[in-house]
Amino acid sequence: MAKEVTNKEHQEAVAQAVSKTDEFFKKYEKVILGVAAAAVVIAFGIYAYQKWVYQPKVAEAQEQLFPAEMAFAAEQWETALNGDGNSLGLAEVISQYKGACPKAAWFEAGVCALRLGNYDEALDFLKKYNGKDAILKARAIACQGDALVGLEKLDAALKAYEKAAAVVDNDFAAAYLLKAGIVAEELGKTEKALEFYKSIKESYPRSYEAVEIEKYITRISK
């Protein structure tokens, strides 16, 4: 008997809950349907933007970049960065297509500006590069260091080289450590420079920089 009462109470509770839910839906039906419709519109809008606006823009940006990237590969820095009158350069493509450009475009533009001696412009491009590839990321940071050296901001350059060396644990790091050591010497921080040189010798003995690193160590150890 007790079990029957319990089941009846449970059924009544369920019925009451369903009734309240039904009442709630009826009361706020327009709001709920409006929110649902808005969600569908937003989802479709995102899909439509991706398919019919963003993706075609990405393809167009890549097409426009092709001549500039060929010039970059040939080390034709001026043409790669600013175009040749017929084809757009990296700077103009980035300006026109922005986020639709591949991330490497900012790195390439930064390198071009650096090679042309336009250090502030180089920094602007390089700081906006946010690719995830560790080797390219380290290179971009090291190039910032080169631009800072060109601007005679040696303390900032030293930090950039240290940061670049910390991003990669391979022979590329040795090149950044060597630059850091040379800048540290320029700043009169010989002990710091010695740390960088010894790190090359101990951590990257097979690197190109390690071949003559002993002369750097000997010179400032006296």
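Throughout, read-outs are computed from the coordinates displayed, never taken from laboratory work. None of the values given here were measured: they were computed from a predicted structure. Cβ: placed from backbone, ideal geometry, glycine included. Neighbour counts: every protein chain shown.
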Cβ-defined net charge surrounding residue 133, 10 Å radius [Lys, Arg +1; Asp, Glu -1]: +4
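May I ask for the Kirkwood hydrodynamic radius of region 117-202, worked out over all distinct Cα pairs and given in angstroms to one decimal?
About 12.8 Å, per the Kirkwood formula over Cα pairs.
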Distance violations [Cα-Cα > 20 Å] among 159/179; 103/179; 103/132; 127/192; 98/163: 103/179; 127/192; 98/163
Label point distance in nm, residue 128-residue 87, each placed 7 Å from Cα along Cα→Cβ: 2.1
Reference-scaled alpha-carbon Rg (2.2 N^0.38 Å with N residues) for region 77-129: 1.01
Peptide ranges 206-217, 66-77, 106-117 listed from the most packed, as the mean C-beta count within 10 angstrom indicates: 106-117, 66-77, 206-217
Protection proxy ranking of 93-99, 157-163 - average other beta-carbon atoms within 10 Å, highest first: 157-163, 93-99
Potential extension, residue 198-residue 217 segment - 0.36 nm per residue separation minus Cα distance: 6.1 nm
Region 104-163: C-alpha gyration tensor shape, a/c 1.5 cut-off, then a/b vs b/c: oblate
Region 66-222 shape via C-alpha gyration tensor axes, a/c threshold 1.5: prolate
